[in-house]
Amino acid sequence: MGAGRSGSTVLNIMLGSHPEIFGAGELQNLGRALANNEYCSCGDKIKDCSFWSKVYSNWIDSTQEVQFNSAMTRIRKVENLKSPLAWIKMLLNYPGQSKVLEEYFKDSYLFFNAITTSMDQKVITDISKNPLRALGLLKNPHLDLRLIHLVRDGRALAWSLFNVHEVNKKLGVEKELKPRPIWRTAAFWLIINWQSNLVRKRSGKVVIMKYEELTKNPEKSLRKLESIIDLDLQPIIRNIQEETPLPIAHVMSGNKLRMSKSIKLRYNDDWRRQMAINDQKKFYNMTRRTMSSFGYSD
Ligand SMILES: [Zn+2]
């Protein structure tokens, strides 16, 4: 969970290079990706992809096709990040809510089960950023969730959202993005990190991972992650140390990086040189307390 553009696609690819981990991508978009038949990172449309077509048929086997859409609608409603009521319902034992949540837990379980029965690995990586979804998965008695709160200097996000990205479905850019004002990104970054802090405090198996550390000292970040998952991450560390290009298998959603054949890790702080100093200051002044709590200074 986290604000996005914080290295989650890279993290997904890094983790997916471990023989016991499947890097699935941004799974909260799987329903949409299937409905629109979007591109998988293997280059095939998702319904033609050898992996995801199997997931889809497993899913249909367990729920029936007519129920697929209603399950996706239920999941989206419970995980509606922007709805204060959805948060209250998830956080409190809202009257009459237990039945809705029970159904949601079952829907989510069937969703993950369709994937885990199609893959050979033990662990699945989901890089969905939505903290309310993270809370829902955390509360799910049928799932064993380990949580990563991914954080990046918000000024990098503000700068990145200031640049326009045109739609290019083949490159994995599904929606056109318009330049976003600095204050809006600051407000968004604050809210998502407050929500993520709230969820983090409810989980025993959670780490904060910073983009800057992940890209400059991946070993340190991965060792931290080892403390909450029962896996030795040495194979990933070795790949990085030996500068082996990290292969990308079937990542169904995430940024355009996933459409490359392989990637190498690279720290990017272009925003420091390219973003107007006034905009950098404006962002920092709005987010000072939260930024400094994560160790970012002005
Ligand atoms: Zn594929």
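Read-outs: derived from the displayed coordinates by stated rules, not from any lab. It should be emphasised that the depicted structure is a prediction, and the values quoted were computed from it without experimental measurement. All Cβ positions, even for glycine, are placed from backbone atoms using ideal geometry, and neighbour counts span all protein chains on display.
Put simply, the amide H of Met209, placed in the peptide plane, has neighbours under 5 Å in His149, Leu150, Val151, leaving out anything fewer than 5 places away on its chain.
Where both bridge residues fall in the chain, DSSP classifies roughly 35% of the beta bridges as antiparallel. Comparing His18, His142, His250 in a Gaussian network model of the chain (Cα springs below 10 Å), the most mobile by mean-square fluctuation is His142.
Given the rule -39500 (n - 2.57) for each run of at least 4 DSSP H residues, summed and divided by the residues of the chain, what is its mean residue ellipticity at 222 nm, to the nearest 500 deg cm²/dmol?
Values: 14 runs with 151 residues, N = 298.
Estimated from H runs of four or more residues: -15000 deg cm²/dmol.
Among all helices in the chain defined by DSSP H, which have a length of 24 Å or more along the axis from Cα atoms plus a Kyte-Doolittle mean of at least -0.5?
Those that clear 24 Å and a mean of -0.5 are 97-116, 182-200.
Which entries in Lys47/Lys106; Lys139/Lys264; Lys129/Lys205; Lys54/Lys201; Lys77/Lys220; Lys82/Lys282 show an alpha-carbon gap greater than 27 Å? Show your work: numbers first, answer last.
Working: Lys47/Lys106 24 Å; Lys139/Lys264 35 Å; Lys129/Lys205 17 Å; Lys54/Lys201 36 Å; Lys77/Lys220 37 Å; Lys82/Lys282 25 Å.
From the list (Lys47/Lys106; Lys139/Lys264; Lys129/Lys205; Lys54/Lys201; Lys77/Lys220; Lys82/Lys282), the Cα-Cα distance tops 27 Å for Lys139/Lys264; Lys54/Lys201; Lys77/Lys220.
Counting other beta carbons within 10 Å of each residue's own, what order do Cys40, Cys49 fall into, fewest first? It would help to have the intermediate numbers written out before the result.
Details: Cys40 25, Cys49 20.
By the 10 Å Cβ count, ascending: Cys49, Cys40.
Under Stokes-Einstein, with the Kirkwood radius over Cα pairs standing in for Rh, what whole-number D in µm²/s applies to region 8-293 at 10 °C and 1.306 mPa s?
Numbers: Rh = 20.1 Å.
Translational diffusion coefficient: 79 µm²/s.
What residue among Val251, Val123, Val151 shows peak mean-square fluctuation when the chain is described by a Gaussian network model with Cα springs under 10 Å? So, out of Val251, Val123, Val151, the one fluctuating most is Val123. Along the chain, the longest continuous region that contains none of the trypsin sites (Lys or Arg not before Pro) in a DSSP loop with at most 10 other C-beta atoms within 10 Å is 83-174.
Between rounded, prolate and oblate, where does region 145-298 land on the alpha carbon gyration tensor, with a ≥ b ≥ c its root eigenvalues, rounded for a/c under 1.5, else prolate if a/b exceeds b/c?
Numbers: a/c = 1.69, a/b = 1.19, b/c = 1.41.
Oblate, because a/c is 1.5 or more while a/b does not exceed b/c.
The fewest-to-most ranking of Phe283, Phe111 by surrounding Cβ atoms within 10 Å reads Phe111, Phe283.
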